[in-house]
Each structure stands twice: as C-alpha cells, then as structure tokens.
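This report concerns only the one structure given below.
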Amino acid sequence: MKLELGFIKINDVQFSNECAVKDGILYVNPEDVKAFIYDNDDVKTYIKSITLDIAKPGESVRITPVKDVIEPRCKVAGPGGMFPGVISKVDTVGSGRTHVLKGAAIVTAGKIVGFQEGIIDMSGEGAKYTPFSKTLNLVMVAEPVEGTKQHDYERAVRFAGLRCATFVGALGKDVEPDEVKTFETYGIMEGAKLFPDLPRVGYVHMLQTQGLLHDTYVYGVDAKRIVSTLLYPTETMDGAILSGNCVSACDKNTTYHHLNNPVVAELFEQHGKTLNYVCNIITNENVYLADKQRGSDWSAKLAKLLDLDAVIVSEEGFGNPDADLIMNCVKQEKQGIKTVLITDEYAGCDGKSQSLADSDPLADAVVTAGNANMEVVLPPMDKVIGMLDYVDYCSGGHAGSLRPDGSIEAELQIITGATNEMGFNCMSAR
Amino acid sequence: MVKEIERVGIPVVHMCTITPISLTVGANRIIPTIAIPHPLGNPTLTAEDEYALRYKLVDAAIKAFSVEVDKQTVFEF
C-alpha cells in the first residue's frame, strides 16, 4: 500500500472573514468553522457553546483542560476520507494522496472529566515538555449543555474536534504542497522478494482501551471490542486510529500522535535500508485479565504468522497496561522474536521507586520516555484558554498546585504529551 | 502491602484482577477477580447474581488461607 503525504507548511494562523490557505498562512473564519462543527446531532444536542481561539509558539498562553490535539489533513486522492468510520464513511484508507497542514493543530479543551485532562503552555518551562507549544494551535473550547453526562460530552467534543480538523484540513485540498513524501509497504511475498536479506520488523501498537472514557477508536470501532489485528502503517496517517481518551495527559496518545506516529516514521526511514517494515499489529489494553491474555496471544500469533524477526512495542498509559506490555514482550520473545519496548516511568518524584507495575527478565531492551512523577514549576501565563478550575485535581496535580500568583507546581504527568510512549518528545535516559 | 503484612507473620490472600502483576510483586496466595474497575463485583449481573459472585470470591479467599503453599499460587476456581 502506497501513500503520498503532501506537506503544506503553515507559518501563521489568523482569524479572517474567509477560510483559506494562502502563502503559508491559514485564514480561518470562526463562524464558518462553528457552522460546520455544529452540523452534527451529538454536537447540537450536547454542546451549548464553542469558542475558538488561537495560541502561537512563544506566547504567554496556557491551554487547559486539554482533551485532544488533531492535525488538519485532507485526502486528495485514493479511497476514503479522513477519520474513516467516524467523519468519513468506512473505506480502507492509507493509499493515494493526503495533504497535511504542517505546523497547525486543532486543540480541543473543556472540562470533560476534568481531572484527566492536561495543560499546554506556549512558553516558559512547561513549553519545553509538550510538542504542542511548537504548533500553531486553533483551540476549540466546548461548553456542555447543562445536565450533559460525561460520556455524551466526551463523544460530542471528540466529534466537534474531528469536524473542526476536517474543515480546516480541507482548506489544503487544492494547495500545492511544499514537500511530498511517499510511504509504501509491501505484501508478504513481495516484501520478502524485494528485501531477502533484511530483518522483517513489525510494530506492535498498544491502544488504550480501559473504558470509562479511556478509549481509542479504529475505523470507528471502540478498540476494546477488537481482537489484535493488522494495519498497513499508512492507514494511521489518514486517521484510521483516533483518541477518545481522558487519561493522564503526559502519556496519552492524542489523535495528532496517531497521525504522526514517530515509530511508524522511523521504521519507514529505515525501510529497505536496514530492515523490511512489514506492518503494524494493533492490540488493546483491556481491564479483564482474559482480554489481556487474548490480546497479547494474538499479537504474538500474528507476528509469528508474518515471520517477523523483531517488533517494537509501544505502550499507552501506565499501571495495569504495564502488564499488557510485559505480556506482549514475553510472548514475542519466547517464540524467538526480538522486542524493544517503549514506555515511560512512574518512579516517584526522586526517580528511585519501581518504574513499572510489571517486569520480566526478557524485557531487556526498553526505551523510556521519561519519569512522569518528576516535579515541574510552570510560571504564570498572561492568558488562559479554557479554565484553571481543574489544575489541582488533574493527574499530576495536588491540593495547592495552582498557586495564588497563577504559577503551577505539579508533576510532569499534567503536561499533554510530556512522556509520550511513542517517543514523540525529547526526554529519555541511558 | 501484601509482602509487608506477610513479613510480620500474618498470611495474606491477594485478591486482584491482573494476577501477573501480583506474581511479579511477590504475593503467595492469589485469587483472580473480575475486572480492574470492579474487582469484586460485576455491574452486568443482577443484584442477586452479583451477591452470589461476591460470596463465591470471598469464600474462595477464606479457603485459600487453609491451603499450604510452598510456592506462589494462583487459585483457579
């Protein structure tokens, strides 16, 4: 399967009377965006009001509580549309051509679950830890209709964010990209013939699916109801996987992360040179032991069926998913498939406690994305998009986290994307 | 907590859903339970059936105390 990504470099985002991408500037008419967002039954029913704002790198701006971040993209050739099964009709995506508004992001914010959303600071200490301090953010704050239940609110904001990204992404449809890159993986026999001497490598992509608003969707399917299965890597670039997660901000995979998965990017970088990138195996992280056993059994079975030599395994979240991570590792290793795991750590403020809830001697190649318990102090910001009401209650916060002067003392856990376990950040350790 | 209580000579039955973690941290008597958000219950059951389930789990835990173990043991029932 072959996909061309056309990158349109966005250097600025501005509110305007029109909606367009011209000379690297994204012009947005907030009323047009809102009208498109509201053309959905869930949004109409559960969202009282939507406020759009813009946050740019270097500004004294704090966005919280952040739910999701989405990159605006648009399919310009090939089957299907962005976010199949949710925004577009179900059709297999990942081939043809897709345009990307590179440098822009849609950030959705609102109280949703409150304690399980995060913070994005556009400048200061916090900006160092989130990749979304470096993007030009169109921020959508959604207020629920009074009495709306949390799961209805979450779904409505999820749809609203995806609709916002779809509308904005479509503005790049007829724009000539600054750069076009091609990504292609091959059928099993074809790939083996093309690269007979290269190791066959797959990516075991673990999806957060604990339920109670800790959910990920694949082609519109709630991923806690899937058994482990295969994806072409390029399918992820067209929105086959998206986040419905309200979990600790530092290590949840936002939809932006799924679209720009760095494991996929790096495997493609090495594809045909040092390895043969065969495919992705998606597997879930459920709350029943039998599901964990089944999920890891199937990911190991699929890897064996594909004659893989090695897999990279990335986790999402922490705690009981550490058990899924270790099961995925041990079952692969025991059938002779090498593994490298990517995770983060909850090793206490001093970094001296046990990092993961589970471990095994076979997990001997592990990349850490940082210690989520590390304490940070975030300076006050001139402007807040959203509300500060939940800072003390957010995962990583504590009573008194929000100081009277507007500064915040908290664990790194509170910052969106800070210890992302796909490795979409700059922290690690040796 | 399981290990510290056992260290002072009081036997412990660890009731938990993710038994592999319990094995990793060193519990000796382990009773598998229902699910992480509801280890000792099941909201899909009727109140009567759920009571029966809870009774069965606690009964199994109490019985586990009386079983001599010479290694880490997950009690299947």
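The values are calculated or read from the model by the stated rules, or taken from the named source; none is laboratory data. Computed from a predicted structure; not experimentally measured. Methodologically, a virtual Cβ is constructed for each residue, glycine included, from the backbone with ideal geometry; neighbour enumeration extends over all protein chains shown.
Might you let me know whether segment A:136-158 holds any residue that is over 22 Å from the mean Cα position of the chain (by Cα), without any contact (Cβ under 8 Å) to a residue 60 or more places away in the chain and farther than 30 Å from A:ASN286 by Cβ?
yes
What's the number of the only condition in (1) modelled with pLDDT of 95 or more; (2) buried (at least 20 other Cβ atoms within 10 Å of the Cβ); (3) under 23 Å from A:THR108 (Cβ atoms) that A:TYR346 fails to meet?
(3)
When you go through (1) closer than 30 Å to A:VAL141 by Cβ; (2) modelled with pLDDT of 95 or more; (3) part of a loop (DSSP other than H, G, I, E, B) one by one for A:PRO361, which number turns out not to apply?
Every condition holds for A:PRO361 apart from (1).
Among A:THR255, A:THR236, which is the only one that is polar (S, T, N, Q), farther than 17 Å from A:GLU4 by Cα and more than 14 Å from chain B (Cβ to nearest Cβ)? Walk me through how you get there before you give the answer.
Working: A:THR236 fails: farther than 17 Å from A:GLU4 by Cα.
After ruling out the rest, the residue left standing is A:THR255.
So, A:VAL33, is that one surrounded by 21 or more Cβ atoms within 10 Å (Cβ to Cβ) and farther than 19 Å from A:ASN260 by Cβ or not?
Working: surrounded by 21 or more Cβ atoms within 10 Å (Cβ to Cβ): yes; farther than 19 Å from A:ASN260 by Cβ: yes.
When the stated conditions are applied, A:VAL33 passes them.
What single numbered condition from (1) surrounded by 21 or more Cβ atoms within 10 Å (Cβ to Cβ); (2) without any contact (Cβ under 8 Å) to a residue 40 or more places away in the chain fails to hold for A:ILE25?
Result: A:ILE25 passes all but (1).
Can you name the residue in segment A:392-417 that is part of a loop (DSSP other than H, G, I, E, B) and under 15 Å from A:ASN245 (Cβ atoms) and, of all such residues, is farthest from the chain's Cα centre (by Cα)? Steps first, please.
Narrowing segment A:392-417 to residues part of a loop (DSSP other than H, G, I, E, B): A:392-394, A:396, A:398-401, A:403-407, A:416-417.
Going one step further and asking which of them are under 15 Å from A:ASN245 (Cβ atoms), we end up with A:394, A:416-417.
Working: A:CYS394: 19, A:THR416: 10, A:GLY417: 8 Å.
Among those that are part of a loop (DSSP other than H, G, I, E, B) and under 15 Å from A:ASN245 (Cβ atoms), it is A:CYS394.
Can you list the strands (runs of 3 or more DSSP E) found entirely within segment A:149-223 that contain at least 1 residues being within 14 Å of chain B (Cβ to nearest Cβ)?
Values: elements: A:179-184, A:200-208, A:214-218.
In segment A:149-223, A:200-208, A:214-218 are the strands (runs of 3 or more DSSP E) which contain 1 or more residues that are within 14 Å of chain B (Cβ to nearest Cβ).
Quickly run through segment A:304-324 and pick out the residues that are assigned to a helix (DSSP H, G or I), of a type in the set (A, V, I, L, M, F, W, C) and farther than 15 Å from B:ILE36 by Cβ. Quick ask: steps written out before the conclusion?
Initial filter on segment A:304-324 (assigned to a helix (DSSP H, G or I)): A:304-305, A:321-324.
Filter once more, keeping what is of a type in the set (A, V, I, L, M, F, W, C): A:305, A:323.
A:LEU305, the sole residue that qualifies.
Residue-by-condition table, conditions (1) buried (at least 17 other Cβ atoms within 10 Å of the Cβ); (2) of a type in the set (A, V, I, L, M, F, W, C); (3) in contact with a Leu (Cβ under 9 Å, 6 or more places away or on another chain); (4) within 14 Å of another protein chain (Cβ to nearest Cβ):
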| residue | (1), (2), (3), (4) |
| --- | --- |
| A:LEU341 | yes, yes, yes, no |
| A:PRO361 | no, no, no, yes |
| A:ASN373 | yes, no, yes, no |
| A:LEU378 | yes, yes, no, no |
| A:VAL391 | yes, yes, yes, no |
| A:ALA399 | no, yes, no, no |
| A:ALA410 | yes, yes, yes, no |
| A:GLN413 | yes, no, no, no |
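Quick one: is A:LEU242 in a strand (DSSP E or B), surrounded by fewer than 24 Cβ atoms within 10 Å (Cβ to Cβ) and not acidic (Asp, Glu)? Let's see the steps before the verdict.
On the way: in a strand (DSSP E or B): yes; surrounded by fewer than 24 Cβ atoms within 10 Å (Cβ to Cβ): no; not acidic (Asp, Glu): yes.
It is false that A:LEU242 is in a strand (DSSP E or B), surrounded by fewer than 24 Cβ atoms within 10 Å (Cβ to Cβ) and not acidic (Asp, Glu).
List the strands (runs of 3 or more DSSP E) inside segment A:39-107, counting only whole elements, that have at least 1 residues being over 23 Å from the mean Cα position of the chain (by Cα).
Values: elements: A:47-55, A:61-70, A:73-77, A:96-102.
Qualifying strands (runs of 3 or more DSSP E): A:47-55, A:73-77.
Which of the residues that make up segment A:127-158 are hydroxyl-bearing (Ser, Thr, Tyr) and under 19 Å from A:PHE115 (Cβ atoms)?
We begin by selecting, within segment A:127-158, every residue hydroxyl-bearing (Ser, Thr, Tyr); these are A:129-130, A:133, A:135, A:148, A:153.
Correct list: A:THR130, A:THR148, A:TYR153.
Name the helices (runs of 4 or more DSSP H) wholly within segment B:2-77 that hold at least 1 residues that are buried (at least 19 other Cβ atoms within 10 Å of the Cβ)? Quick ask: steps written out before the conclusion?
Working: elements: B:2-7, B:19-25, B:47-65.
By residue number, B:19-25, B:47-65.
Which is away from chain A (no Cβ under 14 Å), touching a Lys or Arg at 6+ places or on another chain (Cβ under 9 Å) and among the aliphatic types (A, V, I, L, M), of B:ALA60, B:ALA27, B:ALA64, B:ALA52?
B:ALA64
Across segment A:263-303, what is the number of residues that are among the hydrophobic types (A, V, I, L, M, F, W, C) and part of a loop (DSSP other than H, G, I, E, B)? Working first, answer last.
First pass over segment A:263-303, keeping only residues among the hydrophobic types (A, V, I, L, M, F, W, C): A:263-265, A:267-268, A:275, A:278-279, A:281-282, A:287, A:289-290, A:298, A:300, A:302-303.
Going one step further and asking which of them are part of a loop (DSSP other than H, G, I, E, B), we end up with A:287.
Residues that pass the stated criteria total 1.
So the check is Cβ under 8 Å with 6+ separation or different chains; which pairs have a first residue in segment B:7-27 that's under 14 Å from B:GLU76 (Cα atoms) and a second one that's assigned to a loop (DSSP other than H, G, I, E, B) and among the aromatic types (Phe, Trp, Tyr)?
So the pair list comes out as B:THR17/A:TYR288.
Listed here are the residues, each with its yes/no results for (1) under 17 Å from A:ILE342 (Cβ atoms); (2) surrounded by fewer than 18 Cβ atoms within 10 Å (Cβ to Cβ).
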| residue | (1), (2) |
| --- | --- |
| A:TYR256 | no, no |
| A:LEU259 | no, no |
| A:ALA265 | yes, yes |
| A:VAL278 | no, no |
| A:ASN286 | no, no |
| A:GLU316 | yes, no |
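For A:ALA310, only one of the following conditions fails: (1) at pLDDT below 95; (2) more than 14 Å from chain B (Cβ to nearest Cβ); (3) surrounded by fewer than 22 Cβ atoms within 10 Å (Cβ to Cβ). What is its number?
Against the list (1) at pLDDT below 95; (2) more than 14 Å from chain B (Cβ to nearest Cβ); (3) surrounded by fewer than 22 Cβ atoms within 10 Å (Cβ to Cβ), A:ALA310 comes up short only on (1).
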